[in-house]
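What follows is a set of notes on a single structure, which appears directly below.
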Amino acid sequence: MGMESSAEAPQPVRVVMQAVGGWIGRLGRIWVEGQIAELNRRGGTAFITLRDPVANVSARVVCPIRVLEANGPAPQAGARVVIHAKPDFYVARGTFSLLALEIRHVGLGELLARLEQLRKTLAAEGLFSEARKRRLPFLPGTVGLICGRDSAAERDVLENGRRRWPAVRFEVREVAVQGDRAVGEVVEALKELDGHPGVDVIVIARGGGSLEDLLPFSDEALVRAVAAAGTPVVSAIGHEQDAPLLDYVADVRASTPTDAAKKTVPDVGEQLELIRQLRDRARRVIRGGLDREKAWLDGMRSRPVLASPIREIDRLTEQVTGLRDRARRSLTVSLDRAGDDLVHTRARLHALSPATTLARGYAIVQGPDGAVLRSATEVSPGDELRLRFAEDSLSATAGEPTTEPASAREDTADGND
């Protein structure tokens, strides 16, 4: 509940300070982690400035010397520590401090365990997935570079990049790469370059250092900022053995700043050599194709039908003439054979014709009804008969039938033959 006051009834300073001290006192004992930015000894007391390595925030710690030296060697400025302290508010001066009850060093193993836990958490969110990483542009027009001020990493990237491709441009943002301001400045530079319309790729570079020096590049805020960037990011932090969390979230990891320049900017000499090789290969492919087509064309032209068209026409003319003569001979033979067959057929028909028999002297006798008579017994005396000969016919009247001896019939037959 807030303290009641007004312009007509203000609270005295002592009352306000005592209330603030009471509120702070209710906070209780707490564990605080930070980096010792300053340590001064005065008699039996050490006065420490404890700084947050990520944010620009610090607190004053009052620590008895016996507490400072209780666990092994006393920590020095720059060390990361965990302090068990009691918040204290000095009412007379209105100052806040922490009264240290215990100080512990943050060991390397513990620090690595915390980083590993953060790495697993971010990996579970998919920030390190290969599927979300983008390919670097083949030929970037402008490269954004985030690095320390007048650092060797900056020189390595600029010199190697311009040596490989003199036309490449750089947008350099010099920031703090260690300490409490590093994360904020790097994130701010990243957002600025990511919003720059001409920047095609961003390189974050820093030289080697201790694990504590590289901690800003494992900060969760920086990792998430890189994951949210729309421009491909190359991480070039430390050396090959260093692996800050920035390496996992970046689209490409470079072992050194020099390696970052090589991966970001193509080598003009290598590309020209590659172009020359591809051009030579294209020439060989085209020349081979033309040679094959020319050989095919020469083969076609060497064929008789194209080499001497008149000769081929003559050959085909002879072939047509021969086929025509053969057809004529075949047709003539067929007609002759058919004519002979017709003559033979006519001869057989003539031999078998009744007219031929009549021409030899025979006659055909027909009764009154027109039927051919084969015996005298088939007519009666007085019947009108018709006698047909080879050329003509006549009428006769039947008389009495007579029987002719067989010898007479044979003589008659012999005479007719």
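The values are calculated or read from the model by the stated rules, or taken from the named source; none is laboratory data. Every value quoted in this text rests on a predicted model; they were computed, and no experiment measured them. Here the Cβ positions follow ideal geometry from the backbone for every residue, glycine too, while neighbour counts run over all protein chains shown. What goes into the accessible areas is simple: the full protein's heavy atoms, side chains included, and nothing from ligands, DNA or RNA. Shrake-Rupley method; radii C 1.70, N 1.55, O 1.52, S 1.80 Å.
Structural remarks
- Max mean-square fluctuation residue, GNM over the chain, Cα-Cα springs under 10 Å, options ILE310, ILE36, ILE83: ILE310
- Rounded accessible area of LYS120 (nearest 10 Å², 1.4 Å probe): 110 Å²
- Rounded tilt (10° steps) of 268-302 against the dominant C-alpha axis of the chain: 0 degrees
- Within the accessible area of region 169-230 (1.4 Å probe), percent carbon and sulfur: 46 percent
- Peptide packing for 390-402, 121-133 was compared via the average number of neighbouring C-beta atoms within 10 Å per residue; ordered from the highest value, the list is 121-133, 390-402.
- The peptide list 140-150, 327-337, put in order of mean Cβ contacts within 10 Å with the highest first, becomes 140-150, 327-337.
- When the GluC sites (Glu not before Pro) in region 5-74 are filtered for DSSP coil states and for at most 10 other beta-carbon atoms within 10 Å of their beta-carbon, the remaining sites are GLU8.
- Region 199-213 and region 77-131 have Cα centres separated by 23 Å.
- Nonpolar atom fraction for region 1-60, defined as the carbon and sulfur part of the 1.4 Å probe accessible area, stands at 52 percent.
- With respect to the chain, whose longest principal axis is taken over its alpha-carbon atoms, helix 406-416 is tilted by about 70°.
- Cα centroid separation, region 367-401 to region 287-327 (Å): 85 Å
- Gyration tensor (alpha-carbon) shape descriptor, the chain, a/c threshold 1.5: prolate
- Under a Gaussian network description of the chain, with springs only between Cα atoms under 10 Å, the residue in ASP314, ASP88, ASP200 that fluctuates furthest is ASP314.
- Within a Gaussian network of the chain (alpha carbon springs, distance under 10 Å), most fluctuating of ALA355, ALA261, ALA85: ALA355
- Per residue, the chain exposes 63 Å² of solvent-accessible protein surface, assessed with a 1.4 angstrom probe and all protein chains in place.
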